[in-house]
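Colleague: Shown below is the structure under consideration.
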Amino acid sequence: MITKSIKHILAASLLCCGIGAAFTACTDTWDDHYQGAQQGAHEGTLWQALKGNSNFSNFASVLEATGYDKSLASSQVFTVFAPTNDQLSADQAKALIDSYNSQKSTVDDDDNTVIKEFVRNHIALYNFSVSPSTNDTLVMMNGKYAPLSGTAVAGSPIVESPVNGLYSNGLLYTVGSQVAYGPNVFEYLRKDADLDSVASFLYSSRFYRREFQADESVAGGIENGRTVYLDSVFRQVNELFGSNFLYARLSAEDSTYWVLAPTNEVWKQLIDEYQQYFVYDDKVEDHDSVAYTNSRLAIMQGTIFSRTQNSDNALRDSAMSTLAELSSFREAYWGAPFLRYYQYGDGLYSTHKPLQPGGVLYGTTNVECSNGTVMKTSQWNINPLNTFNRLVMINANGRGAIKELSKVYNKDRKDYDETVEAVPVSILSGTPYYGKLLGGNRLMEFRPGNDTTSVTFNIRNVLSNMGYDIYVVTPPAKAVDSMATKIQCLPTKLTCWMYYNKQDGTKDSTLLISGKETTPDIIDYIKVYDDFKFPCASYGLTEETPQVYIKISTNTVSERDLLRNRYTRTMYISSVLLVPHGTSWTDEENFYITPHGDGETYYLSKCNPTNPEEEQ
């Protein structure tokens with residue numbers, strides 16, 4: 001029904017009235033509008049005025065074909081900006097009607113281009129009178145903001161005409177040209193043949209759909225146990241605009257965005273490269289669909305910039321996409337404050353100024369839209385290390401990090417008893433170890449209760465066929481206990497196994513390292529594997545039981561080692577790190593994280609105090 005769509009626009013228009021003085025048409029009183037048009041008062045409705053004037057016959061034919069003749073003959077109040085036959089020919093009107101009819105069986109009015117871009121682009125709710133001093137902004141029925149002066153609306157001249165003026169249900173103006181429709185950034189993507197690939201993804205029916213709005217609909221009672229609605233309200237929604245995906249309402253007319261859009265050729269090159277990183281095993285539900293979505297999100301996430309967060313001055317140095325975390329949240333979200341993902345210009349893996357050669361926004365072809373700018377690009381300056389190919393950190397004391405501890409079978413209870421005690425501890429403030437850990441100063445102490453100590457950690461969000469350098473971070477006993485004895489400070493030996501799924505969903509494993517000795521008195525970043533590649537991804541999955549996990553054990557520490565005070569089976573672990581291959585390394589003094597190429601290098605001292613405390 002036309003009235004249902006009008007209710008949406010009416011609600012939006014009422015909301016606009018509260019935005020502020022910039023939209024003075026809304027803040028004017030009804031009487032001001034009414035009195036300003038009294039001099040041109042006419043009998044009859046807007047539809048009668050249009051239908052009865054042969055100069056508007058082409059415009060009227062489009063209104064009638066689309067059902068808006070009924071709206072303009074109703075008691076609802078509108079302002080209509082009508083093009084005459086000189087501005088809308090019979091052939092043009094016929095083409096609009098044909099296009100409307102071809103679309104109406106597949107899309108609703110909100111998405112029918114004839115309704116949205118032509119009919120509603122010439123009509124506004126309420127009376128909007130003009131005078132020589134008018135300087136307003138009104139909201140058209142399609143949600144577009146249109147500047148209104150005493151002589152023009154959205155750049156289309158208002159022509160003096162005997163029919164202009166007030167009718168029983170609103171105001172009529174004759175315009176000297178069709179009111180130009182300015183697409184927003186979301187709409188423009190579908191209009192540009194160079195951007196077909198981006199548009200086909202964002203407009204895919206799996207994300208972009210019409211949804212029933214029960215809370216906005218009018219319920220009429222219960223029949224056969226189901227609510228019957230007298231007036232059903234639907235809304236076009238796009239799941240990709242949510243916070244889990246792009247975090248940007250690209251169709252919102254009250255927002256302003258810059259959208260970096262790769263051309264079809266660039267899109268194909270990126271998909272060809274990125275698909276290998278999003279291979280999911282056969283047991284993942286809808287694994288082909290998940291691979292399709294995530295490989296394309298890998299391109300689009302980090303390409304949208306809200307102008308609210310990015311001023312002209314700020315963009316000279318840095319660009320923060322809608323997914324970038326503020327500095328105060330980076331450590332909690334990514335694991336370290338220096339990990340500036342989805343931010344360009346001063347990020348760890350992006351040091352080129354956004355608008356300078358090599359920058360992500362350099363060399364684009366810009367198209368101005370009603371709510372921002374589409375920045376077409378045939379060159380891609382976004383490093384995956386700055387977006388989806390991220391460091392994976394498993395904090396040992398994090399929620400859900402521990403999958404299981406070593407166990408022994410209890411014959412009496414016919415169950416398993418854990419043989420390891422996992423104790424949360426913290427790095428002592430004021431010591432040289434404090435502040436030297438990625439992810440904060442908390443860690444876990446794993447105390448043995450049997451002949452071995454083992455802990456298994458869950459790992460989430462790994463990419464397939466993407467190399468990772470794997471580290472286990474082991475602080476010393478003195479970092480958490482200033483009274484630790486020499487026995488407590490002995491090293492241990494670590495054995496690590498990685499478990500993961502094969503393509504058919506069955507489990508496989510790889511021995512990463514066996515009998516690797518930890519170093520007393522330092523926070524050690526122990527590399528247990530170089531360039532490990534998972535055959536299947538878990539990136540983006542919500543897993544109650546993660547398919548990827550790592551087991552760390554002291555099974556090579558023998559009883560003889562313990563009796564001779566050579567090693568201990570107690571483990572101190574703060575985290576397990578999966579760092580993109582080639583971006584990190586260690587030496588005797590430091591653990592490094594650095595990008596491929598010319599980005600900054602971040603150092604974490606391995607922290608070997610020059611005067612360790614004596615045995616207590």
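The values are calculated or read from the model by the stated rules, or taken from the named source; none is laboratory data. Keep in mind that what you see is a predicted model, and the values were worked out from it rather than measured. Cβ placement follows ideal geometry from the backbone for every residue including glycine, while neighbour counts extend to all protein chains displayed. Heavy atoms of the whole protein, side chains included, go into the accessibility calculation; ligands, DNA and RNA do not. Shrake-Rupley method; radii C 1.70, N 1.55, O 1.52, S 1.80 Å.
Colleague: What accessible area, in Å² to the nearest ten, does a 1.4 Å probe give for Phe118?
Modeller: It works out to around 10 Å².
Colleague: Something else now. Spin-label point model (7 Å from Cα, Cβ direction): what's the Val408 to Asp254 distance in nm?
Modeller: So the label points at Val408 and Asp254 sit 6.6 nm apart.
Colleague: Can you tell me the Rg and the Dmax, both Å, for the Cα atoms in the range 445-546?
Modeller: Cα only, the range 445-546: 16.3, 51 Å (Rg, Dmax).
Colleague: Here's another thing I want to ask about it. Points 7 angstrom from Cα along the Cβ direction at Asp451 and Glu421: gap in nanometres?
Modeller: Taking the simple label geometry, Asp451 and Glu421 are separated by 2.2 nm.
Colleague: What FRET efficiency do you get for Thr151 and Ser54 if R0 is 22 Å and r is their Cβ-Cβ distance, rounded to the nearest 0.05?
Modeller: 0.30
Colleague: Moving on. Below 8 Å between Cα atoms, with a sequence gap of 6+, how large is the relative contact order for the range 80-218 in percent?
Modeller: Worked out over the range 80-218, it gives 22 percent.
Colleague: Can you report the principal axis dimensions of the range 97-175 using only the alpha carbons, biggest first, rounded to whole angstrom?
Modeller: That works out to 44, 24, 21 Å along the principal axes.
Colleague: In square angstrom, what is the accessible area per residue of the range 95-171 with a 1.4 angstrom probe?
Modeller: Heavy-atom SASA per residue in the range 95-171 reads 38 Å².
Colleague: A follow-up question, please. Rounded to a whole number, what is D in µm²/s for the range 33-166 from Stokes-Einstein with the Kirkwood radius over alpha-carbon pairs (37 °C, 0.692 mPa s)?
Modeller: Rounded, D is 213 µm²/s.
Colleague: Ok, one more. With the cut-off at 1.5 for a/c, could you classify the range 259-334 from its C-alpha gyration tensor as rounded, prolate or oblate?
Modeller: It comes out oblate by the Cα gyration axes.
Colleague: Still on this structure: Using +1 at the Cβ of each Lys and Arg and -1 at the Cβ of each Asp and Glu in the range 351-410, identify which of Asn397, Asn366, Val408 lies farthest towards the dipole's positive end.
Modeller: Val408
Colleague: Give the Rg/Rh ratio for the range 244-377, taking Rg as the radius of gyration of the Cα atoms and Rh as the Kirkwood radius, to two decimals.
Modeller: Here the Rg-to-Rh quotient is 0.99.
Colleague: Computed FRET efficiency, Cβ-Cβ of Gln178 and Arg307, R0 30 Å: what is it to the nearest 0.05?
Modeller: 0.55
Colleague: Output ³J(HN,Hα) for the range 190-199: one whole-Hz value per residue in order, computed from phi by the Karplus curve 6.51 cos²θ - 1.76 cosθ + 1.60 with θ = phi - 60°, and x for Gly and Pro.
Modeller: Ordered by residue, 3J(HN,Hα) equals 7, 8, 9, 4, 5, 10, 4, 5, 4, 4 Hz.
Colleague: In the full protein assembly as shown, how much of Ile123 is accessible to a 1.4 Å probe, in Å² to the nearest 10?
Modeller: 0 Å²
Colleague: Can you give me the relative contact order of the range 233-296 as a percent, contacts being Cα pairs under 8 Å and 6 or more apart?
Modeller: Relative contact order of the range 233-296: 18 percent.
Colleague: Another question about this same structure. For the pairs Lys436/Lys551; Lys507/Lys533; Lys51/Lys94; Lys268/Lys376; Lys116/Lys268; Lys436/Lys493, note any where the Cα-Cα span goes beyond 20 Å.
Modeller: Distance filter (> 20 Å) returns Lys436/Lys551; Lys116/Lys268; Lys436/Lys493.
Colleague: Counting only protein chains, not ligands or nucleic acids, how are Arg226, Arg249, Arg120, Arg560 ordered by accessible area (probe 1.4 Å), most first?
Modeller: Arg226, Arg560, Arg249, Arg120
Colleague: Taking N as the number of residues in the range 474-522, what value does Rg over Cα atoms divided by 2.2 N^0.38 Å take?
Modeller: 1.70
Colleague: Right, something else. Give the accessible area for Arg566 in Å² (nearest 10); use a 1.4 Å probe, count only protein heavy atoms, and leave out ligands, DNA and RNA.
Modeller: 120 Å²
Colleague: Applying 1/(1 + (r/R0)^6) with R0 = 22 Å to the Cβ-Cβ distance of Asn224 and Asp108, what FRET efficiency is obtained, to the nearest 0.05?
Modeller: 0.25
Colleague: Related question: For Lys507, Lys486, what's the largest-to-smallest order of accessible area, 1.4 Å probe?
Modeller: Lys486, Lys507
Colleague: What percent does the relative contact order of the range 319-458 come to when contacts are Cα pairs within less than 8 Å and at least six residues apart?
Modeller: Computed value for the range 319-458: 17 percent relative contact order.
Colleague: According to a simple spin-label model (label point 7 Å from Cα along Cα-to-Cβ), what is the distance in nm between Leu562 and Gln269?
Modeller: For the pair Gln269/Leu562, the computed spacing is 6.0 nm.
Colleague: Give me the percent of accessible area attributable to carbon and sulfur for the range 60-182, probe 1.4 angstrom.
Modeller: 53 percent
Colleague: Here is a follow-up. Sort Ser197, Ser311 by heavy-atom solvent-accessible area, probe 1.4 angstrom, most to least.
Modeller: Highest to lowest solvent-accessible surface, that is Ser311, Ser197.
Colleague: Roughly how compact is the range 161-205, stated as its Cα Rg over 2.2 N^0.38 Å to two decimals?
Modeller: 1.97
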